[in-house]
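Written below as structure tokens is the structure these notes are about.
The values are calculated or read from the model by the stated rules, or taken from the named source; none is laboratory data. Remember, predicted model here, so these are calculated numbers, not experimental data. Backbone-built Cβ (ideal geometry, glycine too); neighbour counts: all protein chains shown.
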Amino acid sequence: MDDLFGGLDTTNEEMADGAVLLRRFALDKADDLLSDIGTVMSAAPLRHMVTPGGFTMSVGMTNCGQFGWVTDRRGYRYQNTDPLSGQPWPAMPEVMVSLAVDAAKQAGYPDFKPDACLINRYEPGAKMSLHQDKDEKDFSNPIVSVSLGLPATFQFGGLSRKDAVRKYPLVHGDVVVWGGPSRLFYHGILPLKEGTHEKTGRARFNLTFRRAVL
Ligand code: SIN
Ligand code: FE2
């Protein structure tokens, strides 16, 4: 039986051992999150980073928190300054910290203390190819991933790139947490479909919270 809240499906779904989809978990904080995303973007603008292989990413990115994830021709890494400005990344707003900590707790990770938040902005057509999150120092911490705005299709596979992937539709307010046995599972986002969302317009935002450093 679905757990219905205000007519919305808020059923949680176990995706794999250690991985759970918390439907609409961020919904009541979504407006505050979006307003804080705007503040972060005005200090540290979105940019399309280049992969070590020389491809420009279709997703616009920035960061907040003590560390930010970056890529350029030299590789993928975390750094405590924005390469565009040389300044520290904007601090992680309190509403983001508390949401990430609460979601991790709900998913069975009570000790999560994020020090990095990657902000991804997708326009229709943008995608994130299948990859592992493995630039962090310690894989005992989970990944907490929040969806806002336009819907997207999340692909979640296994430890090998060749493993079968399952597809999960993600909508405004959904949170995916993966850690433990699934911490290094391959995942990605299919090309975003055309559309407009009442809160974000022609865009999807994703917040990815991580513990980058010990
Ligand atoms: C990522 O894996 O870095 C992003 C996932 C998403 O946009 O939901
Ligand atoms: Fe990722």
Open item on the list: Can you report the number of residues in the stretch 39-70 which are in a strand (DSSP E or B) and more than 21 Å from R204 (Cα to Cα)?
Closed with: 1
Open item on the list: Given the condition among the charged types (D, E, K, R) and over 20 Å from L99 (Cβ atoms), answer yes or no: does some residue in the stretch 168-179 qualify?
Closed with: no
Task: Lone qualifier among V144, V95 - being surrounded by 14 or more Cβ atoms within 10 Å (Cβ to Cβ) and touching a Phe, Trp or Tyr at 6+ places or on another chain (Cβ under 7 Å) - done: V144
- [ ] Could you tell me which of the residues S140, S145 is within 16 Å of ligand 2 (Cβ to nearest atom) and hydroxyl-bearing (S, T, Y)?
- [x] S145
TODO: Being under 21 Å from K167 (Cβ atoms) and of a type in the set (S, T, Y) is the filter; apply it to the stretch 180-214 and report the residue that is farthest from the chain's Cα centre (by Cα).
DONE: S182
Open item on the list: Return the residues of the stretch 189-208 that are within 20 Å of D36 (Cβ to Cβ) and more than 10 Å from ligand 1 (Cβ to nearest atom); say none if nothing qualifies.
Closed with: H197, E198, K199, T200, G201, A203
Open item on the list: Would you confirm whether or not the stretch 129-147 contains a residue that is within 10 Å of ligand 1 (Cβ to nearest atom), under 20 Å from D17 (Cβ atoms) and not in a strand (DSSP E or B)?
Closed with: yes
Task: Residue within the stretch 149-167 that is within 13 Å of the chain's Cα centre (by Cα), touching a residue at least 60 places away in the same chain (Cβ under 8 Å) and within 16 Å of ligand 2 (Cβ to nearest atom) present - done: no
- [ ] Determine which member of the set P114, P90 is within 16 Å of ligand 1 (Cβ to nearest atom), surrounded by 15 or more Cβ atoms within 10 Å (Cβ to Cβ), part of a loop (DSSP other than H, G, I, E, B) and not charged (D, E, K, R).
- [x] P114
- [ ] State all residues of the stretch 117-128 that are assigned to a strand (DSSP E or B) and more than 9 Å from ligand 1 (Cβ to nearest atom); if no residue qualifies, say none.
- [x] C117, I119, R121
TODO: Identify all residues within the stretch 171-211 that are among the aliphatic types (A, V, I, L, M), in contact with a strand residue (DSSP E or B) (Cβ under 7 Å, 6 or more places away or on another chain) and either modelled with pLDDT under 95 or within 13 Å of ligand 2 (Cβ to nearest atom) (or both); write none if there are none.
DONE: V176, V177, I189, L207
